[in-house]
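Each value in this text was obtained by applying a stated rule to the coordinates, not by laboratory testing. From a predicted model like this one, the values you see are computed outputs, not experimental measurements. Here the Cβ positions follow ideal geometry from the backbone for every residue, glycine too, while neighbour counts run over all protein chains shown.
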Amino acid sequence: MKFTELDLKPAIRKALVKKGYEDLTPIQEQTFPHVLSGRDLIALAETGSGKTAACGIPVVQSVDPDIKAVQALILVPTRELALQYVDEIAWIAKETGVNAFAVYGGFSMDIQKSKLAHGVQILVATPGRLIDLLYNSPLRLAEVRYFVLDEADEMLNQGFLPDIEFVFSCMVHEHHTMLFSATMPEEIKRLSKKYLTNAMMIELIAAQKAPSSLSHYFEEVKPHQRFEKMLELIKTEKPKQAILFCSSRTNCEKLYDHLKKELKSVEQIHGGLEQGKRTSLFRRFKKLDIQYLVATDIASRGLDFSHATHIFNYDVPHNPEGYTHRTGRTARMGREGKAVTFFTGRDIGKIKHIIRANRITPHWIGPEPDLSRPAEKKKQYGASSNRGKGSGPGRGPRKDFRRRKTVKKPGE
Ligand code: AMP
């Protein structure tokens, strides 16, 4: 279906033409009629499907620029996603008179308050900062007609459930809710049952779980060789742009320190960086001003880096979903992409699980490993055994792979 077949505001049509959007993506085709008719919606879809515009275009179409109050609220789990959302809505809304704004932690609340006071119709927010503003500013949600929960499963993973329930409790008036999630755990089902009315369910995950334009490479390495092996591959592959994922902030810093001595245009992004820095890195990477980004999973959810051609899993992701999210940063909208995962004998179990659960056809760099063999024990490749070996950052202790007990909210 073409955008010209929809009854959109001329200013939105103009923006879409300027941006080069002609055809709706499958998720847009399926969600638009329901969003425009105001039906509650649960969409099982990931980013890369065009879901930001799937909700952004109808929301911009539906809010009234003459009412100087928040009419659409979009909750997202991270600051980076908030920025991506608001950037996408800003160009759609550019000539409509509709104002979109994002609020998130780590940024001056006074500036956010004064912007809100000038009239914002579409507010994108991380849960913690939204609640701070509800308590400490005149911001109210009484005019909200559209409530979007993006990456709902990730928000629950991050421990935002009480915050989300609080926001729902602030919206006692009639409104439409759209919930986007990559998975449908029990908690999301319960949340939907409690707060959504007669919701339409749209499922688009299966079709895009493993895009055929994405090739999956795996290489078994000894812990002390990991850095050299990755560097070697980078030098042969010469990626146009790559993200190199680590499982902890410490590993990310170590890898960055080593990599910047070897390559030009390398930066790192993790939750420990000050917000202004994160925002600028994120925008520069999107614009292709940075070639290599060493990152924690902060960059794995939902972000649209359309230039990224390669994903390197320097550390194996925690689980199959983590793999899908990381590798989903490339091969977007049918483009070619390569994911390369480095693993050791200790990671055999995880690799097997990732390949099976994601129905991946693996390409092996080097000999194909026997995935049925038991995983090697900790002491063989423990932190102390590889310290000082090789020129790379070495491997951190096993605890780097464990889920933290106290979950830090990345949006805060
Ligand atoms: P998203 O899933 O929202 O992160 O979008 C993935 C990418 O698709 C982004 O670069 C969007 O700008 C782009 N996109 C979204 N909708 C369309 C469309 N209808 N036509 C062309 N590109 C699109």
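A Cβ-based charge dipole, computed about the Cα centre of the stretch 229-333 with Lys and Arg at +1 and Asp and Glu at -1, lands at about 340 debye. For the listed residue pairs 19/287; 222/352; 286/350; 264/350; 18/238, the alpha carbons are over 22 angstrom apart in 286/350; 264/350; 18/238. A simple count of charges around residue 71, restricted to other residues whose Cβ falls under 9 Å of its Cβ and scoring Lys, Arg +1 and Asp, Glu -1, yields -1. Each residue of the stretch 125-137 was assigned a 3J(HN,Hα) from its phi angle through the Karplus curve 6.51 cos²θ - 1.76 cosθ + 1.60 (θ = phi - 60°); the sequence is 8, 8, x, x, 5, 4, 5, 4, 5, 5, 7, 10, 8 Hz, with glycine and proline shown as x. With 0.36 nm allotted per residue and the present C-alpha distance subtracted, the residue 228-residue 371 stretch has 49.1 nm of extension available.
Taking only the C-alpha atoms of the chain, the Rg (one decimal) and the largest Cα-Cα distance, Dmax (whole number), read 21.8, 66 Å. Computed from the Kirkwood radius of its Cα pairs, the Stokes-Einstein diffusion coefficient for the stretch 3-203 at 4 °C and 1.567 mPa s stands at 77 µm²/s. Under a model in which nothing but the beta-carbon of Lys, Arg (+1) and Asp, Glu (-1) is charged, the chain shows a dipole of about 1560 debye around its Cα centre. Identify, among 244, 111, 138, the residue whose Cα sits farthest towards the positive end of the charge dipole of the chain, taking +1 on the Cβ of Lys and Arg and -1 on the Cβ of Asp and Glu, with the dipole about the Cα centre. So the residue furthest toward the plus end is 244. Taking Lys and Arg as +1 and Asp and Glu as -1, the other residues whose beta-carbon sits under 9 Å from that of residue 309 total +1.
The stretch 164-260 gives an Rg/Rh value of 1.17, both radii derived from C-alpha positions and Rh following Kirkwood.
Can you put 274, 151, 336 in order of Cβ neighbours within 10 angstrom, beginning with the fewest?
274, 336, 151
Within straight-line reach of residue 68, meaning a Cα separation under 16 Å, sit the following aspartates and glutamates at least 8 residues removed in sequence or on another chain: 143. Length available on full extension from residue 13 to residue 183: 0.36 nm per residue minus the Cα-Cα distance, which gives 58.0 nm. In the stretch 307-337, whose amide N lies under 12 Å from the spot 7 Å out along Cα-to-Cβ of residue 288? List them in ranges. The answer is 307-309.
Taking amide H as placed 1.01 Å from N in the peptide plane, the amide H of residue 363 sits under 5 Å from that of 216, 217, 218, each at least 5 places away or on another chain.
Relative to the globular-protein estimate of 2.2 N^0.38 Å, the Cα radius of gyration of the stretch 214-364 stands at 0.96.
Cysteine residues of the chain whose C-beta has no other cysteine C-beta under 4.7 angstrom: 55, 170.
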